[in-house]
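Each remark here refers to the structure printed beneath this line.
The values are calculated or read from the model by the stated rules, or taken from the named source; none is laboratory data. This structure is a prediction, so every number in the text was calculated from the model and none was measured. Cβ sites come from the backbone with ideal geometry, for glycine too, and all protein chains shown count toward neighbours. Protein only, heavy atoms only, side chains kept; ligands, DNA and RNA dropped before computing areas. Shrake-Rupley method; radii C 1.70, N 1.55, O 1.52, S 1.80 Å.
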Amino acid sequence: MTDLIHLTACAAVDMLKAGDVTPQEMLDAAFDRIEAVDGAVNATPILCRERAQQQAKTASRNTLLAGLPVGIKDLSEVEGVRCTYGSPIFKDYIPNFSDIPVVNLERHGAVLIGKTNTPEFGAGANTFNAVFGITRNPWDLSKSCAGSSGGSAVALATGQCWLASGSDLGGSLRTPASFCGIVGLRPSPGRVPRLNPGDPFGTMSVEGPMGRTVEDTALMLDAMAGQDPRDPISQPLPHTSFRQTCRTGAPPRRIAYSLDLGGIIPVDPAVEQVFNNALKQLEDMGVELVETCPDFSNAIEAFKILRGLGFVNGQRENYEKHRNLLKDDVIWNYEYGRSLTAEDIAQAQRWRGAIHADAVRLFTQQDFDAFLCPTAIVPPYPAEQLWVDQVNGQTFDNYIHWLAMVSAITLTGLPAISVPAGFTEDGLPVGVQLVGAPFSEGRLLAHARHFESATGLATAVPIDPKGVLAVTSS
């Protein structure tokens, strides 16, 4: 059982398909691992043992995932399983439906083991909430795992599951991947269909896969993606699977890069050192590197406005009925959104359009294969610290400012993947972010896999939680 948790998802699926291991054995290994380590990290607070046991009994070798245990972020509904959205308002809510990515995963043979922790409604880049408490970084239990897909990232890093779902608005999937030494892909809007009745045509927030390796992440994308009539922007599957393109695609030839997105955001020296090492690694691979980037000068303000608009759409009822139960970050986002004028929103949309057009030109006119930048501007910070308020002497006056490295990329609408790039001198993981051409997830995954192969970091996880901090999950 101990050996099973160290398998990659792809290796585990190959064994399941061959009959060398059973879904029940994989499930037993997952639950044994959760029992052994989750008391320290608090990544998977909701388990659905009976449901998973039933799925394991009926799982077919002939499906894409063949009975592989998977974790689901607690912002996604799973029929019959508690879904809190990290909020005391919904602490006892049990939905009678599943979101589309969950349905797709189960149709492809996933066995859902439980729900991974998230901050309230995904607000805040540090995973804690009033229902389940703090999720801690397994590389150092005193540190944050980031958010909002922190529970999924930690579950992967500690071997509790082989794949886990995430979602990403302003870096919610990519930043935890960087902090925890795993892989997280923000797909193009519409690549993974989802239920979003309040904003069905929205392109800011997406669902995406998280894995321990790039190829694992590609496998999960194959199981999540596809056109669905309930999502009006959903995209059909490509003719070749994402995993196959990931395995056979060519390495990148030419990459544009920027440490600080043209000077809009400072970067901690420890991250800068790992980023420079990544550039050297790419040079050694024969990649041509050019220091240039789109014009992101209006990105921070544009994202702030569009995020505020989204909170007005999504949180009006909770604000009006349960304001006393909402955390400050949610209240701030909602009230800021209510203060916006029509001209504010129109200006943000114009800024976003210009950012998208400028980013696309990197690929259509300048012949770059990818754009590279850090994923997070700092290494993991103390878990009790709500958010990063200053870097290199520059102070931030709200909790989303420090996320500009990822939120600016959100505005481009392009697919982006965070891949482990190295460690600080203190042994904390640091990721880099590769951004691809429009709807180019397969090629982007191939580029990321070649970089991953060069770094040799694909086997860095799973790990046992490190540190002697006394931790409870309350």
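Brief remarks on what is shown
- Residue that is surrounded by the fewest Cβ atoms within 10 Å (Cβ to Cβ) [pool: residues in region 133-171 that are of a type in the set (Ser, Thr, Tyr) and under 28 Å from ALA11 (Cβ atoms)]: SER167
- Selection over region 312-351 of residues that are among the hydroxyl-bearing types (Ser, Thr, Tyr), more than 24 Å from the chain's Cα centre (by Cα) and surrounded by 15 or more Cβ atoms within 10 Å (Cβ to Cβ) gives a count of 2.
- Flag if MET204 is in a strand (DSSP E or B), of a type in the set (A, V, I, L, M, F, W, C), within 20 Å of the chain's Cα centre (by Cα) and surrounded by 18 or more Cβ atoms within 10 Å (Cβ to Cβ): no
- For the residues ALA416, ALA437, ALA421, ALA448, the requirement of being more than 29 Å from LEU237 (Cα to Cα) and of a type in the set (Gly, Ala, Ser) singles out ALA421.
- Among residues of region 379-407 that are over 22 Å from PRO138 (Cα atoms), those with a Cβ under 7 angstrom from a residue that is open to solvent by 10 Å² or more (accessible area, probe 1.4 Å) and of a type in the set (Ser, Thr, Tyr), sequence gap 6+ or separate chain, pair up as ASP389/THR395.
- A count restricted to region 173-224 and to residues that are modelled with pLDDT under 95 and within 14 Å of SER148 (Cβ to Cβ) stands at 0.
- Among all positions in region 292-310, there is at least one residue which is more than 27 Å from ASP216 (Cβ to Cβ) and loosely packed, with under 14 Cβ neighbours inside 10 Å.
- When residues in region 22-53 are screened for being buried (at least 19 other Cβ atoms within 10 Å of the Cβ) and part of a loop (DSSP other than H, G, I, E, B), 5 of them pass.
- Tabulated pairs, region 418-431, first more than 19 Å from GLY166 (Cα to Cα), second open to solvent by 10 Å² or more (accessible area, probe 1.4 Å) and of a type in the set (Lys, Arg), C-beta under 9 angstrom, 6+ apart or interchain: GLY427/LYS466; LEU428/LYS143
- Cβ pairs under 6 Å, 6+ apart, first in region 280-307 and farther than 14 Å from GLY353 by Cβ, second assigned to a strand (DSSP E or B) and open to solvent by 50 Å² or more (accessible area, probe 1.4 Å): GLU288/ARG254
- Every condition in (1) within 18 Å of THR127 (Cα to Cα); (2) surrounded by fewer than 18 Cβ atoms within 10 Å (Cβ to Cβ); (3) among the polar types (S, T, N, Q) holds for SER60 except the one numbered (1).
- Taken together, the residues in region 1-11 that are more than 22 Å from the chain's Cα centre (by Cα) and crowded, with 18+ Cβ neighbours inside 10 Å amount to 1.
- Being in a loop (DSSP other than H, G, I, E, B) and buried (at least 23 other Cβ atoms within 10 Å of the Cβ) holds for only one residue in ILE409, ILE377, ILE355, ILE417, and it is ILE377.
- Hey, ASP222 among the acidic types (Asp, Glu) and part of a loop (DSSP other than H, G, I, E, B) or not: no
Residue by residue, here is whether (1) in contact with an Asp or Glu (Cβ under 9 Å, 6 or more places away or on another chain); (2) open to solvent by 10 Å² or more (accessible area, probe 1.4 Å); (3) in a helix (DSSP H, G or I); (4) not hydroxyl-bearing (Ser, Thr, Tyr) holds:
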residue	(1), (2), (3), (4)
ILE89	yes, yes, yes, yes
PRO95	yes, no, no, yes
VAL102	yes, no, yes, yes
LEU105	no, no, yes, yes
LEU112	yes, no, no, yes
LYS115	yes, no, no, yes
THR118	yes, no, no, no
VAL131	yes, yes, no, yes
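- Residue match in region 311-331 (condition: assigned to a loop (DSSP other than H, G, I, E, B) and touching a Cys at 6+ places or on another chain (Cβ under 9 Å)): no
- Of the criteria (1) assigned to a helix (DSSP H, G or I); (2) under 24 Å from SER297 (Cβ atoms), which one TYR334 fails: (2)
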